[in-house]
Amino acid sequence: MMQRNEIFTKIYDMISHGHILTAFNRLDFIAASMHDMASRDELSKLRETYHWMLEYMSKGIADPGRMKIYASIKCQCYQIADALKEAKNTVESHDYVYTQKQYVGNDMSTSWDIRSVIDEIESHNANRGLTDFIDKNMQSGKSLEEAHRYEMNSMRMFNYFWLFGGEAGEIESIMNNELIGIDDKCLLVSAMTLYLMRRFDQKKAILLTSLCERHEEEISERALVGLLPLIAKYADRFDAMPEWRDRLSATFDSKGMKSAVKRVIMQYARTNETEELVKQMTAERLPEMRKLSDDMKKEDIRSFVSDDHEEMNPVWQEKLEKSGLADKLKRYSDLQMEGSDVYMSTFAMLKTFPFFSTAVNWFRPYNPDMSYIRGLFNGESESVMKEFFDAIMDTGSMCDSDRYSFSLSLMQMPASQRKTIADAFAMEKKQELELRKDDEILAKTRKAERVSNSYIQNLYRFYRLFPSKDAFESPFLYSLTLQNGVIAELAAFDDDDKIEIGEYCFSKGFYETAFGLFNSLKNAVQSLEYYQKLGYCKQKVGDMVEAIGFYKQAEVIEPNDVWTIMRLAYCYRKTSEMKLAAEYYAKAEALQPNKPAISFKKALCLLECGDEEEALAIFFRLDYETSGDVKLWRLIAMTSLGLGKFDQAARYVQKIMDSKVVEWEDYVIEAYVKWTADDVAGVVSSLKTAKKLAKNVRRLIEDRMEADKNTLLKAGLDIKLIPLLIDAAVKE
């Protein structure tokens, strides 16, 4: 049976493609099954309006307002579908969103309403100074009690607006209320975004769009980060919602908005490398660092420290360089400086604190007054707390969620230990600030960029790590498509903008996105580099035929460019056009005659084409030039077998056996040579030795012998004996 959300997806497609009559029928059926008479009445009125519009059109009656009416009908169809979907899920779904909606709804009916919550938040902010003064001088604990109360109300406000939506007017009123703090306004932006990702509301979408123009970066950047995936998600509704489109056009025309949109698009795109960074950290860097640490501990401790106990011993640096870890750590540091999410793996393990069990806390701006962490330096001087707070807030690569993780983990430590860590952290940040003074890249980094990047990292953690994350549609589903369609049109991206985003995506390995941008250029300079990059993008996504087409255009511009020629050879090889691949490797070889790797690849292609004699000649030449290579000897042995040159094959098998790098496959080749000499016992013996060295014995040997069937046939061997020979070798 089709899932309820899939049913509504079908209906949205019907509306989008103009199948309005069918959409009416489906919606009416659902409304009737839910006994929703209000929706049925709305549909009946819409159906009648649509009927008369079609009637007038069929009679050829001119109506200048026809398309406006049509857009309005589509808009109302979307709204009815949204309302029915939400109502149906509220009753039937057991997802986190709807269980929370039921729980909060029950709590509201007995304990609070949104107006009283807002009043209490206003009162808390108005009286906060007095409460802190009383608590500081009388140690009443009143400020902590008030903090708990405020946080509860803050959570209630967030829950109300992300679960029930509220009215756009009341949200706007709160955003303009001077007694509501910036942190709560930030939470409100996030709540509104979560709601809109689940259920569209044009008035809220218009409000969120207008918030992108606020002068407070904390609000405007959150709004923009939330807005872009919403535009991508609801792009097919634009024609039906002219008011929102007009608001978007006005906002995107405002000063600096284009550059802000480009920046956020690239920050979203960057999240696609986060999983790879996590893998690298967990699978490569951390084990290598532990191994290096263990190796260094084995050394005499006296050799690690110089006589004056100040300079780092060169032994450390030498070990670091030899391990290759230094280069990896430098790249890791460079990525951090660029804004990449290098801390995801570090802090993912610290999201199990009770603090993160509620959705609201994943979106909170970092605040040391939060009751969970306000006792972090209880009893210490205010300056210590201030230095730590300044340091942690200045860490641009650490998002709010990670700041809370760090602070909560410190709370688990003894006071003396956490003070030491905090002091060291603050000192390190001071040194970093000194280094930053002359750093041109960091000097140009604006607050808005840090805010948007941090917020995107917050979102990424929520949608990747929150226990009930599957109940939410992630905005990161659109992370590599934001530069397309409506957003590009609204931001009026020209070729330079597309090149900037395209080059960024290309540098990060997002080749499909980069190709789309490069290929959409209206006035592209059709240069060698242009076609090479188009070809390379297609090659990297596995479309070799398209890649060849672009590389051929690059070849027309510069026939002797070795890079292009090598790419063409590679693509022809991948499409099994070995003859053409060999020809292109020959071209490259003529341009760069002293490159054994090119000759080797050409020989492999010739071998695949059936030109064993020429391939063998190249293998012999390479063997002479490289003074012996076991890989070449294996190829020479196998090629010689196929050509019936059994003595030659035997000589090269012996050379392999005399080397120090004998592998299980070499004993299979030895078995072939013995087979040509009718030494069946020797064949079984060699296969038994291969069995001892191989891991997945039968499968590996079977696969290898299956792959070599053509060569064995050319050698005149009876391949029907292969199963018997294998069984004889692997039996106990």
field: Residue check, Leu46 modelled with pLDDT of 95 or more, surrounded by 17 or more Cβ atoms within 10 Å (Cβ to Cβ) and under 19 Å from Gln79 (Cβ atoms)
entry: yes
Hey, Ser685 more than 30 Å from Tyr624 (Cα to Cα), among the hydroxyl-bearing types (Ser, Thr, Tyr) and out of contact with any Leu (no Cβ under 6 Å at 6 or more places or on another chain) or not: yes
- request: Please go through segment 522-556 and pick out each residue that is over 22 Å from Asp496 (Cα atoms), touching an Asp or Glu at 6+ places or on another chain (Cβ under 9 Å) and of a type in the set (Lys, Arg).
  value: Lys540
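Could you tell me whether any residue of segment 585-605 is closer than 30 Å to Phe518 by Cα, aliphatic (A, V, I, L, M) and not assigned by TED's automatic domain parsing to the domain that holds Ala514?
yes
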- prompt: Residues in segment 509-531: is at least one farther than 30 Å from Ser254 by Cα, in contact with a helix residue (DSSP H, G or I) (Cβ under 6 Å, 6 or more places away or on another chain) and crowded, with 22+ Cβ neighbours inside 10 Å?
  reply: yes
task: Being within 21 Å of Gln526 (Cβ to Cβ) and either assigned to a helix (DSSP H, G or I) or under 16 Å from the mean Cα position of the chain (by Cα) (or both) is the filter here, so list the residues in segment 481-511 that pass it.
output: Asp495, Asp496, Asp497, Lys498, Ile499, Glu500, Ile501, Gly502, Glu503, Cys505, Phe506, Tyr511
- request: Starting from residues that are surrounded by fewer than 21 Cβ atoms within 10 Å (Cβ to Cβ) and in contact with a Phe, Trp or Tyr (Cβ under 7 Å, 6 or more places away or on another chain), keep the ones in segment 534-547 and report whichever is nearest to Leu482 (Cα to Cα).
  value: Val541
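Evaluate segment 371-385: report whether one residue or more is closer than 28 Å to Glu276 by Cβ, at pLDDT below 75 and of a type in the set (A, V, I, L, M, F, W, C).
The answer is no, given that none of the residues of segment 371-385 is closer than 28 Å to Glu276 by Cβ, at pLDDT below 75 and of a type in the set (A, V, I, L, M, F, W, C).
So that you can scan it fast, the table gives a plain yes or no per residue for (1) among the hydrophobic types (A, V, I, L, M, F, W, C); (2) buried (at least 17 other Cβ atoms within 10 Å of the Cβ); (3) touching a residue at least 60 places away in the same chain (Cβ under 8 Å):
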residue: Asn560; (1), (2), (3): no, no, no
residue: Trp563; (1), (2), (3): yes, no, no
residue: Thr575; (1), (2), (3): no, no, no
residue: Met578; (1), (2), (3): yes, yes, no
residue: Gln592; (1), (2), (3): no, no, no
task: Identify all residues within segment 512-541 that are within 26 Å of the chain's Cα centre (by Cα), part of a loop (DSSP other than H, G, I, E, B) and modelled with pLDDT under 95; write none if there are none.
output: Ser520, Leu521
- prompt: Any residue in segment 92-115 that is among the β-branched types (Val, Ile, Thr), out of contact with any strand residue (DSSP E or B) (no Cβ under 8 Å at 6 or more places or on another chain), surrounded by fewer than 12 Cβ atoms within 10 Å (Cβ to Cβ) and closer than 30 Å to Ser173 by Cβ?
  reply: yes
Extreme residue, modelled with the highest pLDDT, among residues of segment 116-143 that are exposed (fewer than 14 other Cβ atoms within 10 Å of the Cβ) and polar (S, T, N, Q): Ser116
- prompt: Just a yes or no: is a residue in segment 422-441 acidic (Asp, Glu), modelled with pLDDT of 65 or more and under 19 Å from the mean Cα position of the chain (by Cα)?
  reply: no
message: I'm checking my understanding of the structure. Among residues of segment 612-642 that are surrounded by fewer than 17 Cβ atoms within 10 Å (Cβ to Cβ) and hydrophobic (A, V, I, L, M, F, W, C), which one is nearest to Leu713 (Cα to Cα)?
response: Ala617
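The values are calculated or read from the model by the stated rules, or taken from the named source; none is laboratory data. Small disclaimer: the values here were computed from a predicted structure and weren't measured. Using ideal geometry, Cβ is built from the backbone for each residue, glycine included, and neighbour counts are taken over all protein chains shown.
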